Amino acid sequence: MIIDICRSELKYEPPPFPSNLFGRDDFIDSAVQLILHRHPARLAILGDGGIGKTTVAAAIFWHEGINQAFTKHKIFTSCESLSMADQLIVNLCHCFQLTIQEKKPLQTLKSFLQSVPMALVVLDNFETLWNGDHKSTLQLLQILESCRQLTIIITMRGYIHPDGISWTQPTLQPLKVLAINAAKETYKAIVATKDDTDLEELLQNVDCLPLAIVLLARLGKLDISPSELLQMWQTEQTALLKTQKGSRSDCLETSISLSLQSSQMNESKYTLKLLRIICYLPAGVKLDDLSQLASLSKLDTLKTIKLLLKTGLVQQSEKKRLKVLSPVRFFILKQHACEVTEVDIIRSFYFQI
């Protein structure tokens with residue numbers, strides 16, 4: 001009984017302020033300013049799996065300015081284990097320590113949010129519900145938006161804001177990978193390496209993706225040098241960063257697989273085909289070229305790319321090139337290699353250029 005109570009308390013406990021957080025100050029400051037000066041704010045923290053969305057959300061949640069503005073009513077809850085919007089409603093009631101009246105959790109939650117002067121809700125891993133119970137989740141999100149005292153933050157895989165509510169302008173840009181100096185700081189904060197030979201090359205090989213850096217640093221704590229890790233990465237790639245537990249937060253392959261299993265991947269029969277082709281081209285590809293390489297109409301290509309952007313597997317550069325991060329590229333090419341005919345078309349296309 002005591003154990004069950006402890007588990008229940010931990011379930012609704014927000015994550016602590018993150019240690020070893022580097023290179024995110026500007027993003028966090030932008031979010032905090034929007035929350036404080038565009039009340040009630042509706043913010044979405046977007047980006048690839050493993051990019052650090054939860055960590056950044058926790059840093060915003062515990063920011064001094066946010067603590068001063070939301071002295072009582074602020075909660076942080078994960079949607080990762082939820083399959084229905086109704087479960088989230090009950091979770092929110094528990095997090096706010098509400099007694100559900102007449103077995104009506106939604107009415108209880110609405111009455112509370114409409115009665116308090118200010119409240120903050122962070123919905124982490126929101127894509128789980130958005131993809132799994134879309135209609136009801138959208139309805140709930142719109143109900144929450146109607147509470148004018150409530151500030152809403154979601155974290156979600158992908159690069160496109162969910163439709164259906166008015167996001168605070170200017171919207172937050174999707175999180176990017178870390179700059180190389182921030183990536184080095186992150187690694188060295190976890191493992192105090194005396195020999196950083198090849199460290200920069202190692203981090204660049206994983207495109208400075210925060211989850212990959214953390215997992216590499218944990219291996220480094222086993223007295224494996226960056227040079228040795230680089231050799232191991234070049235041989236084993238994403239399999240190197242696999243743990244026995246295998247959750248999204250401590251296994252790179254699990255994180256990528258979750259994106260591959262999202263509902264968007266099944267909304268078009270061309271998603272995996274286009275993803276394979278993009279992964280085959282390390283420098284990325286322009287949309288018009290991709291349409292030709294896949295032998296698809298531009299409309300079908302556009303629709304499918306929008307789905308891939310929603311998964312967070314593919315990103316679009318400032319020069320409008322479609323690319324994937326190197327860990328994603330290695331994993332996809334290992335698990336879903338291009339067909340021979342696709343490779344022939346790609347080679348023929350670029351030889352003609």
| query | If the Cβ limit is 7 Å and pairs must be 6+ apart or interchain, which residue in region 311-332 that is closer than 15 Å to L258 by Cβ and in the same structural domain as Y270 (by TED's automatic domain parsing) pairs with which residue that is among the polar types (S, T, N, Q) and part of a helix (DSSP H, G or I)? | reply | T311/S259; T311/Q264; G312/S259; L313/S259; P327/T238; F331/T238
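Looking at region 288-306, which of the residues that are of a type outside the set (S, T, N, Q) and under 24 Å from the mean Cα position of the chain (by Cα) is nearest to H161 (Cα to Cα)?
Start the filter on region 288-306 by keeping residues that are of a type outside the set (S, T, N, Q), which leaves 288-290, 293-294, 296, 298-300, 302-303, 305-306.
Those still in the list that are under 24 Å from the mean Cα position of the chain (by Cα) too: 302-303, 305-306.
On the way: L302: 17, K303: 16, I305: 15, K306: 11 Å.
For region 288-306, the residue satisfying everything is K306.
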| note | The residue from D86, D124, D133 that alone is among the charged types (D, E, K, R), in contact with a Cys (Cβ under 7 Å, 6 or more places away or on another chain) and not assigned by TED's automatic domain parsing to the domain that holds E267 is D124
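Find the helices (runs of 4 or more DSSP H) located wholly in region 11-88 whose residues include 1 or more that are of a type in the set (V, I, T) and in contact (Cβ under 8 Å) with a residue 60 or more places away in the chain, and list them. Steps first, answer last, please.
Values: elements: 25-37, 53-61, 64-69.
Hits in region 11-88: 25-37, 53-61.
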| said: Take the conditions outside the structural domain of L209 (by TED's automatic domain parsing), closer than 20 Å to I152 by Cβ, modelled with pLDDT of 95 or more and touching a Ser or Thr at 6+ places or on another chain (Cβ under 6 Å) and apply them to A59. Does it pass? | reply: no
| request: Determine which single condition G220 fails, assuming it passes every other condition in (1) of a type outside the set (A, V, I, L, M, F, W, C); (2) modelled with pLDDT of 95 or more; (3) touching a Phe, Trp or Tyr at 6+ places or on another chain (Cβ under 9 Å). | output: (2)
| request: Please give the helices (runs of 4 or more DSSP H) falling wholly within region 241-339 in which 3 or more residues are at pLDDT 90 or above and over 27 Å from D133 (Cα atoms). | output: 271-280, 287-293, 326-335
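The values are calculated or read from the model by the stated rules, or taken from the named source; none is laboratory data. If you're wondering where the values come from, they're calculated on a predicted model, not measured in any experiment. Virtual Cβ from ideal backbone geometry, glycine too; neighbours counted across all protein chains shown.
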